[in-house]
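Notes to accompany the following structure.
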C-alpha cells in the first residue's frame with residue numbers, strides 16, 4: 001500500500017473481493033450451541049447475537065475477547081476558524097498528550113475494560129483546509145492519512161478493535177460527510193458537538209450547508225471524505241477497511257467515528273459487515289446514520305465525548321456475550337452428564 005497513492009473506490013472493492021467474509025461454520029456452530037443453551041430460548045438474545053457475530057469474524061467456535069484495542073487518531077481542522085466549536089483548536093494537542101500519559105477518560109475506561117489504547121497523530125498542529133470554502137485535504141494528504149490508518153491495524157494483535165478520534169471541529173466534518181452522502185438537507189446531521197449555544201449551532205449548520213453546496217455533484221464517497229472530512233476521519237476509514245480485510249470484529253464509536261463507516265458502506269455495504277455499533281451518541285445525526293447502516297447500538301447513554309469512549313464502554317458487554325455461550329452448559333451437556 002503506497003503511502004502517497006490515493007485510494008480509489010474501485011481499488012477498495014477489488015481488495016474486498018479476495019477478503020474473507022465471516023466464517024459461516026463458526027457462526028453456525030455457536031448458533032447451534034445458543035439454541036440448546038441452559039436458559040429459556042431468547043432470554044439473552046442480544047448477547048447471543050453479539051457472540052455469534054464475534055465467532056464469525058474471529059473464525060472460531062470459542063469466541064472470546066482477550067486483547068481489545070482502541071486506536072485513536074488525532075488531527076486539527078481548518079474549519080474551526082468558522083467558530084463551530086466551544087473549544088479552541090489547541091485542545092486537540094492537549095488531549096493527545098493526555099492519551100499518551102494515560103490520563104484521559106478513554107484511559108480510565110480502557111483500564112476498567114482490560115483494553116489497550118494507542119493514540120496516533122495524523123495532523124495535530126497541521127490543520128486541514130477550511131471545508132466550508134476549500135477541500136479539506138489534498139489527494140496526497142488524504143492518501144497519507146488513509147494509509148496511516150491501514151498500517152496502524154497491520155501492526156496490531158487484537159481480537160476486537162475500536163477506532164476513535166480526537167479533533168476539535170470534527171463533528172462539523174462528520175456532519176458534512178454524512179449530509180453529503182445522505183442529505184441534501186444538512187439540518188438532521190448537525191448537532192451541538194462540544195456544547196455550542198444556539199447561535200453557534202445555527203452558524204455550524206450554515207457552514208455544513210455551504211460545504212455540501214460547494215461539492216454539489218461529487219458522488220464518489222472517498223472524494224466526499226477528502227473534500228469535507230478530516231485527516232483523522234480518513235485515517236479511521238483506512239483502519240476500518242484494513243480491519244475488514246483481516247476479519248477483525250470492530251465496535252463503532254460515536255458520530256465522528258461512524259461517518260467513515262458510512263463512507264465505506266456507500267462504496268459497498270460489505271465493507272462494514274464486521275462492524276457493530278457500540279453506542280448511539282447524543283448527536284442527532286448519529287442515529288440517522290446508524291439507522292441507514294442498519295446498526296442497532298449496544299448502548300444508548302447520550303454520551304458525546306468521542307475518543308473511542310462510548311464503544312469502549314460496550315467492551316465488557318461483548319466479553320459477557322462471549323462468556324454466555326462458552327462458559328454456560330447446554331441442556332444436552334447438563335442433563336446428559338450422568339449417562
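Rule-based calculations on the coordinates, nothing more; no lab input. Just so you know, these numbers come straight off a predicted model, no measurement behind them. No Cβ is skipped: glycine too gets one built from the backbone with ideal geometry, and neighbour counts run over all protein chains shown.
Note on the chain: GNM, Cα springs under 10 Å; of 14, 147, 170, the largest mean-square fluctuation is that of 14. Label separation (residue 187 vs residue 32): 5.5 nm, computed from points 7 Å beyond Cα along the C-beta direction. Which whole number in µm²/s is D for region 210-339 by Stokes-Einstein, with the Kirkwood Rh taken over Cα pairs at 10 °C and 1.306 mPa s? Diffusion coefficient, whole number: 97 µm²/s.
Of the three principal axes defined by the Cα atoms of region 133-199, the extents in descending order read 45, 28, 22 Å. Across all directions, the shadow cast by the convex hull of region 148-236 built on its C-alpha atoms averages 6.6 square nanometres. Mean 1/r over all different Cα pairs, inverted: what Kirkwood radius does the chain give, in Å? For the chain, the Kirkwood estimate is 20.1 Å.
Length available on full extension from residue 337 to residue 102: 0.36 nm per residue minus the Cα-Cα distance, which gives 79.8 nm. Averaging Cα coordinates gives a centre for region 268-339 and one for region 186-265; these two points are 22 Å apart. Inter-label distance, residue 206 to residue 220: 3.3 nm, where each label sits 7 Å from its Cα along the C-beta direction. If you plug the beta carbon distance of residue 10 and residue 66 into 1/(1 + (r/R0)^6) with R0 = 41 Å, you get a FRET efficiency near 0.65. The modelled label-to-label distance between residue 94 and residue 24, using points 7 Å beyond Cα along the C-beta direction, is 5.4 nm. Sequence-distant contacts, meaning Cα pairs under 8 Å at least 6 residues apart, place the relative contact order of the chain at 25 percent. Largest GNM mean-square fluctuation across 199, 220, 36, computed for the chain with C-alpha springs under 10 Å, falls on 199. With contributions of -39500 (n - 2.57) from each DSSP H run of at least four residues, the per-residue ellipticity at 222 nm computed over the chain stands at -15500 deg cm²/dmol.
For residue 116 and residue 213, a Förster radius of 35 Å and the Cβ-Cβ distance give a FRET efficiency of 0.25, rounded to the nearest 0.05. Compared with the direct C-alpha span, the chain from residue 302 to residue 43 gains 90.6 nm at full extension, assuming 0.36 nm per residue. Shape annotation for region 262-339: C-alpha extents along the principal axes are 56, 29, 18 Å, from largest to smallest.
Springs between alpha-carbon pairs under 10 angstrom, Gaussian network model over the chain: which of 258, 128, 300 fluctuates most? Most flexible of the set in this elastic network: 300.
Taking other C-beta atoms within 10 angstrom as a stand-in for reagent exposure, 324, 290 fall in the order 324, 290, fewest first. Ranked from largest, the principal axis spans of the Cα set of region 1-88 equal 58, 38, 22 Å.
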